[in-house]
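The values are calculated or read from the model by the stated rules, or taken from the named source; none is laboratory data. All values derive from a computational prediction rather than experimental measurement. For neighbour counting, all protein chains shown are included, and Cβ atoms are generated from backbone atoms with ideal geometry for every residue, glycine included. Surface accessibility is based on the protein's heavy atoms, side chains included, excluding ligands, DNA and RNA. Shrake-Rupley method; radii C 1.70, N 1.55, O 1.52, S 1.80 Å.
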Amino acid sequence: QLQSKILILTICAAGIGGTFQYGYNISIINAPTLYIQTFMNKTWLERTGVPLESNVILLLWSFTVSAYPLGGLTGAVVAGPMAIVLGRKMSLLLNNVFVIIAALLSGFSRMAKSFEMIMIGRFFTGMNAGVSMNVQPMYLAESAPKKLRGAVALTSASFTALGLVLGQVVGLRELLGGEESWPFLLASNVVPALIQLTALPWFPESPRYLLIDRGDKESCISALQKLRGTSDLSAELEEMLAEEAAVKGQRAKNPWELLQNPALRWQLMSVVVLSSAMQLCGNDSMYFYAAYVFQEAGIPQDKIPYVVIGTGSCELITSITCNMIIDYAGRRPLLLGGYIFMAGWAIVFMVALSQQTQISWMPYLSMACIFAYILSFGIGPAGVTGVLPTEVFDQMSRPAAYMICGSLLWFNLFLVGTAFPFIVKSLSHFCYIPFLVVCICTALYVGFFLPETKGKSFLEISEEFKKRNFKAQTHSGFYKGPEEIKSTVL
């Protein structure tokens, strides 16, 4: 029992300063939007004696918002080398430095009369999230026993959702969302960082990293004993040693090598498709729409922030549910179901939006659609997507795969954030058509090409993909002989 406690505590220590920060920092910026824009205008007026035009304020604000995904992209790129050189645990610990810098910059921005500090702070916050979104699922999936691997790696999604909800709660006017307290709201992300810095050092490094990357069998066994207790470790150790033998003599690959390697074609394609779909499926844009739809449904303006917390809680509840069922249901059904349902809800949502003014009960239908869409996203795509790179790549390719995955995730977040207002402008009620197409295409890809990884060892999964990658060559196997003979003659 003690050992399962240690695994649970390791998950919490990694999560609180890890993906929790990603969710938390996405949602705390929403509450003080107007106050920060007023602060920008006031500061500029004091500096130059001329107030800012409204479109310039909007431009400065969009710089502030987009600094976050740009930082995330930078973080995703450095996460790979960090995980290889420093180890998984040390990377997570060092990663808190970025948040502490960001909290100091944002916290003192009003005192220093500098809105540029908020922008730089958001960039550093993004870097922290970029690193943790890549390193945390890797660290946890490598530390978990095979039968719990899906559930343990999925906790990353639960911590993201928890961060979203807590960010919405802390951003309420009664707490830190008021006009006086917004610098404290932006600096409050230092608290999870300090919790992680005090807790995580007590827990072991990823046993797989110690054995396969470092070649340190002693430390690996002691880490395994801490995580699993006295139960028989021989089977698990044997599996790791087999994996070590399979990659012996190789060094950790970089993203460029993954792209060139035909043996990793399907794995890479699957990860690229699913990582892109996660941001391009329109889930984050639902939050953008939430306030407008709730207003149309007749909810008073001052009560809307409380209802928005309900949307965040939806994602939290489903990601916890998904945690419980992923190792029974498997990865494929959850992904497939999630995307099919989202496609259905997107159609209903567009119809409801177009009839919003004609039919009195339509706003309530669109409200239901928002909740249903977020629930469908939470039950499959939100969690499973983060687990897959760990499962379908071997130890030497994994950090590079997460670099590609993370870079795509942040680039697409930036893309959707920038493009969505224009999509709404041009397509108005039918703004969900691009997202609908993404959901349908992803569901088709999962249905036809993605193998199930539930309950298989990393080596078994690699073998399964190997068959797919070299299927084309086995068909043309008959012609191999003469070609080889020709080449030797030359």
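Details
- When segment 167-193 is filtered for residues that are without any contact (Cβ under 8 Å) to a residue 60 or more places away in the chain and under 24 Å from Val135 (Cβ atoms), only Val191 remains.
- Flag not set for Leu365, criterion: in contact with a helix residue (DSSP H, G or I) (Cβ under 7 Å, 6 or more places away or on another chain) and either more than 30 Å from Val170 (Cα to Cα) or among the charged types (D, E, K, R) (or both).
- Selected residue (only one of Gly310, Gly330 is under 25 Å from Cys12 (Cα atoms), in contact with an Asp or Glu (Cβ under 8 Å, 6 or more places away or on another chain) and of a type outside the set (Ser, Thr, Tyr)): Gly330
- Test for Leu154: is it within 14 Å of the chain's Cα centre (by Cα) and at pLDDT below 95: yes
- Count of residues meeting criterion [out of contact with any Leu (no Cβ under 9 Å at 6 or more places or on another chain) and free of Cβ contacts under 8 Å to residues at least 60 places away in the same chain] in segment 356-367: 5
- Among helices (runs of 4 or more DSSP H) entirely within segment 173-238, having at least 1 residues that are open to solvent by 50 Å² or more (accessible area, probe 1.4 Å), more than 30 Å from Phe115 (Cβ to Cβ) and in the same structural domain as Gly80 (by the TED database) singles out 190-199.
- Considering residues of segment 280-327 that are hydrophobic (A, V, I, L, M, F, W, C) and without any contact (Cβ under 8 Å) to a residue 60 or more places away in the chain only, the residue least open to solvent (accessible area, probe 1.4 Å): Ile304
- Put simply, of Val77, Val65, Val50 the only residue that is over 30 Å from Leu224 (Cβ atoms) and at pLDDT below 90 is Val65.
- All positions within segment 342-396 that are at pLDDT 90 or above and in contact with a Gly (Cβ under 6 Å, 6 or more places away or on another chain): Ser376, Pro381
- Put simply, of Ser114, Ser109 the only residue that is open to solvent by 10 Å² or more (accessible area, probe 1.4 Å), outside any helix (DSSP H, G or I), at pLDDT 90 or above and farther than 30 Å from Met240 by Cβ is Ser114.
- Within segment 344-355, the residues that satisfy the criterion of being without any contact (Cβ under 8 Å) to a residue 60 or more places away in the chain and either within 17 Å of Pro434 (Cα to Cα) or crowded, with 20+ Cβ neighbours inside 10 Å (or both) are Gly344, Trp345, Val348, Val351, Ala352.
- Phe422 passes every criterion in (1) of a type outside the set (Val, Ile, Thr); (2) over 28 Å from Pro137 (Cα atoms); (3) touching a Pro at 6+ places or on another chain (Cβ under 9 Å) apart from (3).
- Against the numbered list (1) open to solvent by 20 Å² or more (accessible area, probe 1.4 Å); (2) touching a Ser or Thr at 6+ places or on another chain (Cβ under 6 Å), Gln358 comes up short only at (2).
- Every listed requirement among (1) in contact with a Phe, Trp or Tyr (Cβ under 9 Å, 6 or more places away or on another chain); (2) within 29 Å of Tyr339 (Cβ to Cβ) is met by Ser275 save one, (1).
- Under the condition of being in a loop (DSSP other than H, G, I, E, B) and under 23 Å from Trp345 (Cβ atoms), the residues counted in segment 286-308 number 3.
- The conditions of being open to solvent by less than 50 Å² (accessible area, probe 1.4 Å) and either on the phi > 0 side of the Ramachandran plot or touching a residue at least 60 places away in the same chain (Cβ under 8 Å) (or both) are met by Val247.
- Residue within segment 368-378 that is open to solvent by less than 50 Å² (accessible area, probe 1.4 Å), free of Cβ contacts under 8 Å to residues at least 60 places away in the same chain, assigned to a loop (DSSP other than H, G, I, E, B) and under 13 Å from Met278 (Cα atoms) present: no
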